[in-house]
Amino acid sequence: MYAFFTLIAGACQSAMASLNGMLTDHVGMFGMSLMVHAIGGALLILYMKTVTREKLKITGMPWYLYSAGFFGIFLVVSSSYSIGILGVSVTTCISITGQLVISAVIDHFGWFGVPKVPFQPKRLPCFALILAGLIIINLS
């Protein structure tokens, strides 16, 4: 079930970035980012108040956890900008490559409190195939 939701999330990410690129034409890059985050925030608050009845707690956590908001804004702005120049497929491939590389580093060192999963050399062919796919898509 989690794999299915992750697959749907990936599809939504590409669709969202495409729509954000179109929205940028109307309100500008940072206006688009503000709209996306404000609407998303309002919908989440509504959901929390009506469905889960969860209280929002934004204090008492380590300072670095607030950087997730920066990463979210950077992701929305950079992917929307890149799609307008590179297209959806190339932008998505480059994004996934970046995600795979940093996720391997995060796993290997156990950053952010995740369990350490040491990088195994047997993963190198997989990374080489991903890199080859990225090159092929960029050249086509």
Shape call for the range 1-64, from the Cα gyration tensor axes a ≥ b ≥ c (a/c under 1.5 means rounded, otherwise prolate when a/b beats b/c, else oblate), comes out oblate
Give the accessible area for Val101 in Å² (nearest 10); use a 1.4 Å probe, count only protein heavy atoms, and leave out ligands, DNA and RNA.
-> 80 Å²
Percent relative contact order of the range 74-140, based on C-alpha pairs within less than 8 angstrom and at least six residues apart?
-> 28 percent
List the lysines whose alpha-carbon lies under 25 Å from that of Lys49, not counting same-chain residues fewer than 8 positions away?
-> Lys57
Ratio of Rg to Rh for the chain, alpha carbon only, Kirkwood?
-> 1.01
Residue-normalised 222 nm signal for the chain, counting each DSSP H run of n ≥ 4 as -39,500 (n - 2.57), nearest 500 deg cm²/dmol, is -25500 deg cm²/dmol
For the chain, averaging the sequence separation of alpha carbon pairs under 8 Å that lie six or more residues apart and dividing by its residue count, the contact order in percent is 23 percent
How much accessible area does Leu44 have with a 1.4 Å probe, in Å² rounded to the nearest 10?
-> 110 Å²
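The values are calculated or read from the model by the stated rules, or taken from the named source; none is laboratory data. None of these values were measured; they are calculated from a predicted model. When the accessible area is computed, the model is the full protein with side chains, heavy atoms only, and any ligands, DNA or RNA have been set aside. Shrake-Rupley method; radii C 1.70, N 1.55, O 1.52, S 1.80 Å.
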